[in-house]
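Asks: Can you keep this structure in mind? I'll have questions shortly.
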Amino acid sequence: MPTISNKGIHMPESPIRKLVPFAEEAQKQGKHIFYLNIGQPDIKTPQVALDAIKNSNLETLAYSRSEGSESYRTKIAGYYKKHSIDVTHNDIIVTTGGSEALLFAFGSIMDEGDEIIIPEPFYANYNGFSTASGVNVIPVISKIEDNFALPPIEAFEKLITPKTKAILICNPGNPTGYLYSKEEIKKLAAIVKKHDLFLIADEVYREFVYDGVEHYSILQEAGLEDHAIIIDSVSKRYSMCGARIGYLVSKNKAVITTALKFAQARLSPPTLAQIASEAALDTPQRYFDDVKDEYVKRRNTLITELEKIEGVKVAKPNGAFYCIAELPVKNTDNFAKWLLESFDYNNNTVMVAPAAGFYSTPGVGLNQIRIAYVLNEESLKTSVKILAEALKVYKD
């Protein structure tokens, strides 16, 4: 019998999606599930984007350019200029979601066996992208006790070897909601320049920062032009997850030229979704103001309710729409399955994401979950009540 590749065997399951069969079975049993496991906002997509699709007069749905249409990339560059990031359309490659942008970045700057340093916990798919690219993740552990703050810079330098090619951060962070300060970005910039590395920043949640703090992009940092690569996406910013449009941004011409070859190999990003995404850039600022206000209320409600549960520890996020909670259980993978298979409270249950999958260090995060506060406040209150009642009766 033909065998599966080692790469395929070691490709990790998604901690976010692997429980879907259990959820489907629970629904068949008549349970109502509150989905806290996935970052699918319930916020409406901007009408201007939906209208662009409805009003399109295309007669042929043809390929676009491999790097994305010039008109769209030009408008993206305009968006960045409003955020004090000076790029042109030639510095941007449109991709099929931020996921493809990361794969293009990994393929462009790293070879098999190279290393990338990532503060953990991190977006679970970074493990998958690294495996697919033959790259080794070297984790820098941040802790819930420190609200997942960036570890001392010395912790990064100790891990740099001749195989190290890049440092990757998510800012604001998924799954922690941690927002990197300007000072922290400057420290990272100093490290990558000193050791001639790339700094990749996944900035897909840049619009969602709270408490009066501003987001500081790596491409706002002078002197980092040859080192900086931004990963971005329309998915969360405009609640357009299904559009599957992202982009890779860099002022390093060699990076863009190389990434374009990867883009050409997959032909082009989706044409119709680019039309919607280009129109979405005309979304008025009040849309973001309202969405941010809503997420602040949800965050505050979620944290307040979680802190009422005995034995639960939670970090307060300053951005994105996720938080990590530590539960008084040994293994949240088993707990998450049990919630779907064997528990209900008034015929309701919750679906959470076990946090161990957001680490690469074995055995870390086993008693943690990631919660996405993408439901309204009342649903969040009900969800935490269900979680509290479940913890009262759950036995490891």
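Asks: Quickly run through the stretch 121-158 and pick out the residues that are more than 18 Å from the chain's Cα centre (by Cα), within 17 Å of Ile200 (Cβ to Cβ) and open to solvent by 50 Å² or more (accessible area, probe 1.4 Å).
Replies: Asn136
Asks: So which residues in the stretch 184-230 are within 28 Å of Arg286 (Cα to Cα) and among the basic types (Lys, Arg), if there are any at all?
Replies: Passing the criteria: only Arg206.
Asks: Can you give me the number of residues within the stretch 56-111 that are β-branched (Val, Ile, Thr), assigned to a loop (DSSP other than H, G, I, E, B) and more than 22 Å from the chain's Cα centre (by Cα)?
Replies: 3
Asks: Going by the conditions given, is Tyr205 modelled with pLDDT under 95, hydroxyl-bearing (Ser, Thr, Tyr) and assigned to a loop (DSSP other than H, G, I, E, B)? Steps first, answer last, please.
Replies: Details: modelled with pLDDT under 95: no; hydroxyl-bearing (Ser, Thr, Tyr): yes; assigned to a loop (DSSP other than H, G, I, E, B): yes.
No.
Asks: Here are Lys313, Lys381, Lys385: which of them is in contact with an Asp or Glu (Cβ under 9 Å, 6 or more places away or on another chain) and either open to solvent by less than 30 Å² (accessible area, probe 1.4 Å) or more than 16 Å from Ile33 (Cα to Cα) (or both)?
Replies: Lys313 is the lone residue from the list that is in contact with an Asp or Glu (Cβ under 9 Å, 6 or more places away or on another chain) and either open to solvent by less than 30 Å² (accessible area, probe 1.4 Å) or more than 16 Å from Ile33 (Cα to Cα) (or both).
Asks: Would you check if Val296 is in a strand (DSSP E or B), at pLDDT 95 or above and open to solvent by less than 40 Å² (accessible area, probe 1.4 Å)?
Replies: Numbers: in a strand (DSSP E or B): no; at pLDDT 95 or above: yes; open to solvent by less than 40 Å² (accessible area, probe 1.4 Å): yes.
The answer is no for Val296.
Asks: Kindly list, by first and then second residue, each pair from a residue in the stretch 373-392 that is without any contact (Cβ under 8 Å) to a residue 12 or more places away in the chain and within 23 Å of Gly311 (Cβ to Cβ) to a residue that is open to solvent by less than 20 Å² (accessible area, probe 1.4 Å) and hydrophobic (A, V, I, L, M, F, W, C), limited to pairs with Cβ atoms under 8 Å and residues at least 6 apart or on different chains.
Replies: Close Cβ pairs (under 8 Å, with a partner that is open to solvent by less than 20 Å² (accessible area, probe 1.4 Å) and hydrophobic (A, V, I, L, M, F, W, C)) do not exist here.
Asks: Looking at Phe22 and the list (1) open to solvent by less than 70 Å² (accessible area, probe 1.4 Å); (2) over 29 Å from Gln274 (Cα atoms); (3) in a loop (DSSP other than H, G, I, E, B), which single condition is not satisfied?
Replies: Only one criterion is unmet by Phe22, namely (3).
The values are calculated or read from the model by the stated rules, or taken from the named source; none is laboratory data. Not measured: the values here are computed from a predicted model. With ideal geometry, Cβ positions are generated from the backbone for all residues, glycine too; neighbour counts draw on all protein chains shown. Accessible surface areas use protein heavy atoms only, side chains included; no ligands, DNA or RNA. Shrake-Rupley method; radii C 1.70, N 1.55, O 1.52, S 1.80 Å.
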